[in-house]
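What follows is a short report on a single structure.
The values are calculated or read from the model by the stated rules, or taken from the named source; none is laboratory data. The structure displayed is predicted, hence computed values, not measured ones. Here the Cβ is made from the backbone with ideal geometry for all residues, glycine too, and neighbour counts use every protein chain on show. Ligands, DNA and RNA are excluded from the accessible area calculation, which covers all protein heavy atoms including side chains. Shrake-Rupley method; radii C 1.70, N 1.55, O 1.52, S 1.80 Å.
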Amino acid sequence: MTTIVNAYKNVAQRYVDLLALALQLLIDYPDSAAGLHSLSGFKECNDATNKNLDLILDSIIENKDLNETDINSKLEKVIKDAANDKTQNRYIKAYTICKWMDDHLSYSNYDDNNDSSGDKRIIKISLWSLCGTDDYESLTIGALNRNYVETSIWINPKFPVRKSFDLNDDGSERERQIYNRDVPFGINGELSNCSYFKYDGTIEIVNVILSDEALRKSEEGTFKIAFAPITSDNPEFEKKYIDDFDRNGLTKRAFEIRLLDSENKIYERMIRDWKLAIKSNANVVFMPEMLGTSKVDGNNQNNAELTYQLIVEQSEQGENVPQLTVWPSYWHANTNGAMLTDKNGEILGVQYKHYPFIKVSDNSEEAIKLYGRKRYFVIHIPNIHRVAVLICSEFLSDEKTNWSKILCGCVGVSLLIVPSYSPGELDFINATIKYEQFDTTVVWGNCCGAPRNPNKCVGAVTKPGSGTIEVFENKRTCEGCCKNIEACVFIVSLPLRAVIDKSAQTSEIVEHIIEVSEKEQEKENELV
């Protein structure tokens, strides 16, 4: 029988704080994480430490007394023993403790589950009290552990996500290992229920946990992402140059941006696209960079009521509102940020762009603020995806920012949304391929009006597990122009259970949907 400890929040909290202390012992390990397994005496030390840890469970089960003193005080002694070991066994002990503690974590909100093996009693510490949610409310938290400053370890929740399987020659399926162990930081590739990164005060992860209720009710077995390019026009922006902009102690020539097009015109099209995405049963909707208006400024509290009313209106019409909407980023007061909202209309926060676009042709760059601590949102949809957003040049600047390793390698982001407003396409297409090693799906979307060449694609998506991409191409009926087009979205349908047959081509997953004006529809009907 499996006994799950989830009644007391302080038990779970102390448990993850102790896990951070154990992970801290691996920070200075000089080799790759896989190299731990080849240390002399690994098996003997690993077996002995596991036996010692299992004895803790035996004594607790025998006494039938599940409290903080019993489990956490005994774990603390084992961790201190590892910390005091001056030999390389210190690393083996720390690794074994971390793996053992991770294996005994649970996200279940039930008091009791049956152990599938049927012949061993296992105690699990439930994290539900720290990061559980229900079908109606989202939850926002930072690190699971409180001692991230002292330990330099930031622990994140790691809810299960969709799975990929390889198809064997005999027709059987084999679950794919999501992580390449030599790519992420530390032992993240071997942890099933949590992730971590080295905290130095410069990066903060905002974990937003959403309900998977809408997906549980879906019979399609797919997760739909809608990208709305908004316009085929080249919107007019006003640029104000600053010749003495300070960045990192260097004097830069920078520019501020203001969208000159009518706010109502852009906003009305934005909402039409969003509603078309809803009609297509999209679970996530996102739009280009910089086309946001003051009405999607996530820092304006008046907009909370505006988005709430939009949600209510759609719900009353029986529509399934997206679990996540990434509105066009709004360039304002030296910030470039995309407002994030959930299915209840709640503003989850603003994901800022931290790395500026550098325009080589006129020797300048975006005058966006530098933040001492950069905040990145990770949206958890349990059993579905871990989602993050990188805006345009932030995605392209990975060599400088290292976000691929932090967000995908360490935190385990499985779906990366990339909104842009860019004249090019090749850089984005090339950059998506590197994420295959993390089993992260990248969906990039660009405004149709941004490329100088109308024949260029306006987005792309990596096909899960295939090492290939599919591009967003303008549907022939719109001819790359929004004239007489009321709304337009590209729908990406991602399988929640991807079976990869390497001997066959993967199917197309992108569909272009257009809503034409009544006048244009009448013309088409006459032709028919």
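Tabulated data for the structure shown
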| read-out | value |
| --- | --- |
| Accessible surface, per residue, of the chain when the full set of protein chains is kept, probe 1.4 Å, Å² | 46 |
| Simple label model, 7 Å out from Cα along Cβ direction - Asp427 to Lys374, nm | 1.5 |
| Heavy-atom accessible surface of the chain: percent carbon and sulfur, 1.4 Å | 46 |
| All lysines inside 19 Å of Lys43 as judged from Cα atoms, apart from same-chain residues fewer than 8 positions distant | Lys51, Lys86, Lys93, Lys99 |
| Most positive-pole-ward Cα, Asn281, Val389, Val516, against dipole of the chain from beta carbon charges | Val389 |
| Those residues of the range 351-371 whose amide nitrogen sits under 15 Å from the label point placed on Tyr241, 7 Å along Cα→Cβ | 359-367 |
| Semi-axes of the equivalent ellipsoid for the chain, Cα gyration tensor, largest first, Å | 44, 26, 22 |
| Low-density loop cleavage sites - GluC sites (Glu not before Pro) in the range 224-293, where at most 16 other Cβ are within 10 Å (DSSP) | Glu236 |
| Magnitude of the charge dipole, the range 387-483, Cβ model with Lys/Arg +1 and Asp/Glu -1, debye to 20 | 260 |
| Sorted peptide list for 483-495, 75-87, criterion being average Cβ within 10 angstrom, highest first | 483-495, 75-87 |
| Helix axis angle, 263-279 relative to the chain longest principal axis, alpha carbon, degrees | 60 |
| Cβ-based net charge around Ile469, under 13 Å, with every Lys or Arg adding one and every Asp or Glu removing one | -3 |
| The range 349-426 - Kirkwood radius from inverse mean 1/r over Cα pairs (Å) | 13.7 |
| Net charge over other residues, Cβ less than 12 angstrom from the Cβ of Cys410 (K, R count +1; D, E count -1) | +4 |
| FRET E, pair Gln437, Asn234, Förster distance 41 Å, beta-carbon r, rounded to 0.05 | 0.70 |
| Burial ranking of peptide ranges 295-308, 269-282 (average Cβ count within 10 Å, highest at the top) | 269-282, 295-308 |
| Helix axis angle, 42-63 relative to the chain longest principal axis, alpha carbon, degrees | 80 |
| Residue pairs, from the table Lys369/Lys434; Lys124/Lys434; Lys163/Lys400; Lys124/Lys158; Lys265/Lys359, whose Cα atoms sit over 26 Å apart | Lys369/Lys434; Lys124/Lys434; Lys163/Lys400; Lys265/Lys359 |
| Charge dipole magnitude, Cβ of K and R +1, D and E -1 - the chain, Cα centre, debye nearest 20 | 1180 |
| Spin-label proximity, Asp85 to the range 185-206 - amide N less than 17 Å from point 7 Å beyond Cα toward beta carbon | 187 |
| Structure-based [θ]222 nm, the chain - -39500 (n - 2.57) summed over DSSP H runs of at least 4, per residue, nearest 500 | -8000 deg cm²/dmol |
| Using a Förster distance of 30 Å, the FRET efficiency for Lys43-Ser108 (Cβ separation, nearest 0.05) | 0.40 |
| Helix 89-103 vs. the chain, principal-axis angle (Cα, 0 to 90°, nearest 10) | 60 |
| Farthest toward positive dipole pole in the chain [+1 Lys/Arg, -1 Asp/Glu at C-beta], among Phe490, Gly35, Asn299 | Gly35 |
